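Report on one structure; see the data block that follows.
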Amino acid sequence: MVVSTEPGSPIRRRAPWRILIPVLVLVLFGVAGAYLIFGQTKAPSEITYVSLIGHTTNYTVVLNVVSPQNMYTPQQVNQENPTDGEVMFSGSMVMPPGMAMSMSNMTYPAGWRHVEVHIYDSATNTVIRSTSPTIVVTNDQSGQAANVPIVTMQSVVVGASDFHYGNNVDLPSGDSYTATVQVGSDVATFHFKL
Ligand SMILES: [Cu+2]
């Protein structure tokens with residue numbers, strides 16, 4: 001106390017700043033880190049990426065379960081030139097209760113996923129655009145089955161080769177699920193845990 005206020009002791013007077021600057025730097029890093037981790041509206045555990053491949057007689061079926069995507073109409077894509085998300089061609093997106101179809105993928109409640117199926121001709125590997133698959137996701141614990149209404153869509157970045165079918169579904173974490181995809185008379189079955 002006496003030493004730090006003594007005019008004749010410049011080293012002692014600078015000492016608090018030598019401590020304060022590293023402390024401030026640490027605090028700034030801490031705040032930035034906390035923002036990166038907790039500033040997201042989705043907890044890291046809700047960021048979903050499941051990708052499974054199935055083979056039927058006629059088709060290769062790829063099931064993706066991912067976090068909700070930014071969705072756009074073709075008109076919005078033309079006007080806004082988005083750099084991520086998906087453009088929808090037919091059908092309508094299922095939204096959480098009380099939520100309008102939003103441009104933002106950051107506002108979905110926990111548990112909401114984007115379930116999508118890519119279908120390829122198994123002989124030629126070409127993308128099948130003209131079929132009407134059915135997708136049913138069953139919760140293995142409760143036995144509750146949810147039909148996934150078909151929206152056709154593709155990534156605004158990848159384009160036509162990403163053409164696929166699917167929708168948003170509420171699939172709570174911690175459970176395991178069975179997805180059954182029917183294309184014509186072909187059926188592909190997938191198992192995954194969230
Ligand atoms: Cu999609």
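The values are calculated or read from the model by the stated rules, or taken from the named source; none is laboratory data. No experiment lies behind these values; they were computed from the predicted model shown. Cβ placement follows ideal geometry from the backbone for every residue including glycine, while neighbour counts extend to all protein chains displayed.
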* State whether one or more residues within the stretch 69-79 are buried (at least 16 other Cβ atoms within 10 Å of the Cβ), modelled with pLDDT under 95 and aliphatic (A, V, I, L, M). => yes
* Inside the stretch 162-185, can you point out the residues that are over 15 Å from Val117 (Cβ atoms) and out of contact with any Lys or Arg (no Cβ under 6 Å at 6 or more places or on another chain)? -> Asp170, Pro172, Ser173, Gly174, Asp175, Ser185
* **Set Val94, Val77: member being closer than 15 Å to Asn167 by Cα and either in contact (Cβ under 8 Å) with a residue 12 or more places away in the chain or away from the ligand (no atom under 13 Å from the Cβ) (or both)** => Val94
* For the stretch 115-127, does any single residue satisfy the condition of being farther than 20 Å from Thr57 by Cβ, within 13 Å of the ligand (Cβ to nearest atom) and either without any contact (Cβ under 8 Å) to a residue 40 or more places away in the chain or among the basic types (Lys, Arg) (or both)? -> no
* To do: Can you confirm whether the stretch 172-194 contains a residue that is of a type in the set (Gly, Ala, Ser), surrounded by 18 or more Cβ atoms within 10 Å (Cβ to Cβ) and away from the ligand (no atom under 16 Å from the Cβ)?
  => yes
* Residue in the stretch 132-146 that is hydroxyl-bearing (Ser, Thr, Tyr), closer than 18 Å to His55 by Cα, away from the ligand (no atom under 14 Å from the Cβ) and surrounded by fewer than 16 Cβ atoms within 10 Å (Cβ to Cβ) present -> yes
